[in-house]
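Computed from the coordinates by the stated procedures, all read-outs in this text should not be read as laboratory data. Since the structure is predicted, the reported quantities are computational estimates derived from the model, not experimental observations. Cβ: placed from backbone, ideal geometry, glycine included. Neighbour counts: every protein chain shown.
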Amino acid sequence: MNSSSKFSSFLYLLFFGALILGAFLLYNSKAFEQNPPVIDSPSELFWNLKDPLKIRIVDDSGLRNYRIYLLKDGTKTLLENMTLEKHLPEVSFELHPPKNVMFNRERLLEFEIEATDSSNWSFFAGNTAKKKITAVIDTKRPMLQLVAHSYKITKGGTALVVFKAEDEFLDRVEVSNGSESFKPQPFYKKGYYASLITWPITNNDFNAKITAIDMAGNMAITNVNLFKVQKNYRQSNLQLKDDFIDGKISSLIEEIGERPLVSFKSKVEMFKYINEEIRLSNESVISKVGQANLAILPAHEFSLIPFYPLRNGAAVASFGDHRIFNYAGQFASESYHMGLDLASVQNAPIVSTNAGRIVFTGFLGIYGNVVMVDHGLGLMTLYAHMSEIHVQKGDTIAQNSVIGKTGMTGLALGDHLHFGIIVQGQEVSCVEWMDAKWIKESITDVIKSARTLIDSQGN
Ligand SMILES: [Zn+2]
């Protein structure tokens, strides 16, 4: 081999080396990226033909073009061909129902979305993604029918609603009072539901309605015309005394242990912290436990005897009392009393009149030592300020079980029981659930007549 042929083979080597390097660089460069666009839409969905389908396409090198085809009887019809001048990394568009299209018997519409990016890969043609979307056409709204409900509801109180909701593709049912929503439970037979509903004392615009929504977003709404009984709750002005704040309030702050006493600038601030901040956080715990709604028994078997939690207990404060606290002649804070205070003797036994399951035990700020019992259908009872707790979370208890003893833990000045009724997390008037006549008329009779009606409908 002479020197010139040696030189030419060196050139060849250099040439091929440069080619491989160039190809490698191209392969890894953004302009030649090989990732096809991503078409963001479920491949199977329900469509009411009213709301357009929202489709989003993303690509790292930017989109060049997208096409929408209608697939029908083996043919592919181009509905839209969009070329993008700006190669955006993300494009969103709405797909409206094609005009004059007859659906097949399966009520399906099939589309193909094709998207091409602006990469130079594949001889400058770019990367293409295809996605088939099958839409089940459902333009029929759910059937919604009231079966039975309580005749009336009192401000601060509870009512029961039983209804039927049917749809081939039912997604969810919901009962609302105008501000809060309630989760219904299956009732007796397929397609039937029941829910307790409350009228919170702070809600001046109570309006009960049921909503059923299917997978395609078709919606049915029915109003529940409950006879509304207004009730005024007591408002009282109370003077805060120094010895109360230096005593009970200070020791409760220390017991809670979240803030040192020295961090408060005034006595009013200490009281506001307990009456507002701690109360709010305690009530959110109660509300959360109350919404767990374990459905411990079938809704149509729900039956209760009037609650009588404290033998010979005298009422010392009512549900709904609006308390306004003043300090040195100035407004300091306010609160609503969300239970019934009963007092008898010190360390008196507390009874859960109805059977249930223990869902909470423990210290809870202003409520002191607390027990919460789930009785089914979203109804729970709460017992506060206890000196002793005799049950554990998870226990199942029978009628008339002693669950502990009264005391003065938490924000209590004397030994008493704070008794609360909670419906799906909402604290409501206790006296209704302590009244045999109210329970019969508003709850038990409604369940009975709903069952009779469902049986007579023969399904
Ligand atoms: Zn109380």
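Which lysines have a Cα less than 16 Å from the Cα of residue 209, not counting those fewer than 8 places away in the same chain? Answer for residue 209, where 16 Å is the Cα cut-off: 152, 164, 183, 228, listed by chain and number. Ranking 271, 356, 249 by Cα position along the charge dipole of the chain, where only Lys, Arg, Asp and Glu carry charges on their C-beta atoms, puts 356 farthest toward the positive end. With the helix formula -39500 (n - 2.57) applied to DSSP H stretches of n ≥ 4, the chain reaches a computed 222 nm mean residue ellipticity of -4500 deg cm²/dmol. Listed from fewest to most Cβ neighbours within 10 Å, the set 91, 428, 175 follows the order 91, 175, 428. Subtracting the Cα-Cα distance of residue 12 and residue 265 from their residue separation scaled by 0.36 nm leaves 82.5 nm.
Dividing the mean sequence gap of close Cα pairs (under 8 Å, 6+ apart) by how many residues the chain holds gives a relative contact order of 12 percent.
Please give the length that would be gained between residue 243 and residue 203 if that part of the chain were fully extended, namely 0.36 nm times their separation in residues minus their C-alpha to C-alpha distance (nm, one decimal). Result: 10.8 nm gained on full extension. Think of the stretch 143-231 as a dipole: +1 on every Lys or Arg Cβ, -1 on every Asp or Glu Cβ, centred on the Cα centre; then among 169, 211, 151, 151 lies furthest on the positive end.
Net charge in the neighbourhood of residue 337 (other residues with Cβ under 10 Å of its Cβ; Lys, Arg +1, Asp, Glu -1) is -1. Apply the a/c threshold of 1.5 to the C-alpha gyration tensor of the stretch 280-359 and tell me whether it is rounded, prolate or oblate. Verdict is oblate for the stretch 280-359. Under a straight-distance cross-link criterion of Cα-Cα below 15 Å, which aspartates and glutamates are reachable from residue 76, leaving out those fewer than 8 residues away in the same chain? Partners within reach: 110, 112, 114. Helix 279-290 and the longest principal axis of the Cα set of the chain meet at an angle near 70°. Each other residue within a Cβ distance under 15 Å of residue 46 adds +1 if Lys or Arg and -1 if Asp or Glu, for a net charge of -3. Distance between the pseudo-spin-label points of residue 230 and residue 396 (7 Å out from Cα toward the beta carbon): 4.7 nm. With a Förster radius of 35 Å applied to the beta-carbon distance between residue 180 and residue 314, the computed FRET efficiency rounds to 0.60. Report, as a whole number in µm² per second, the diffusion coefficient that Stokes-Einstein gives for the chain at 10 °C and 1.306 mPa s using the Kirkwood radius over alpha carbon pairs. After rounding, the answer is 57 µm²/s.
Based on the alpha-carbon gyration tensor of the stretch 235-428 and its eigenvalue square roots a ≥ b ≥ c, which shape applies: rounded if a/c is under 1.5, prolate if not and a/b is larger than b/c, or oblate? Because a/c hits 1.5 or more and a/b exceeds b/c, the stretch 235-428 counts as prolate. The share of alpha-carbon pairs in the stretch 143-231 lying farther apart than 19 Å comes to 35%.
For a straight C-alpha distance cut-off of 20 angstrom, the lysines reachable from residue 405 (same-chain residues fewer than eight places away being disregarded) are 393.
Helix 3-28 axis versus longest C-alpha principal axis of the chain: approximately 30°, rounded to the nearest ten. The stretch 35-87 gives an Rg/Rh value of 1.00, both radii derived from C-alpha positions and Rh following Kirkwood. Residues of the stretch 143-185 falling in the label zone of residue 455, defined by backbone nitrogen less than 13 Å from a point 7 Å along Cα to beta-carbon, are absent.
Can you work out the FRET efficiency for the pair residue 107 and residue 38, with r the C-beta to C-beta distance and R0 = 41 Å, to the nearest 0.05? E(calc), rounded to 0.05, equals 0.90. Length gained on full extension, residue 139 to residue 277, computed as 0.36 nm times the residue gap minus the Cα-Cα distance: 44.8 nm. Would you work out if the stretch 30-137 is rounded, prolate or oblate? Take a ≥ b ≥ c from the square roots of the eigenvalues of the alpha-carbon gyration tensor; rounded if a/c is under 1.5, else prolate when a/b is larger than b/c, oblate otherwise. Note, shape of the stretch 30-137 comes out prolate. From most to least packed by mean Cβ count within 10 Å, the peptides 360-367, 235-242, 130-137, 46-53 give 360-367, 130-137, 46-53, 235-242.
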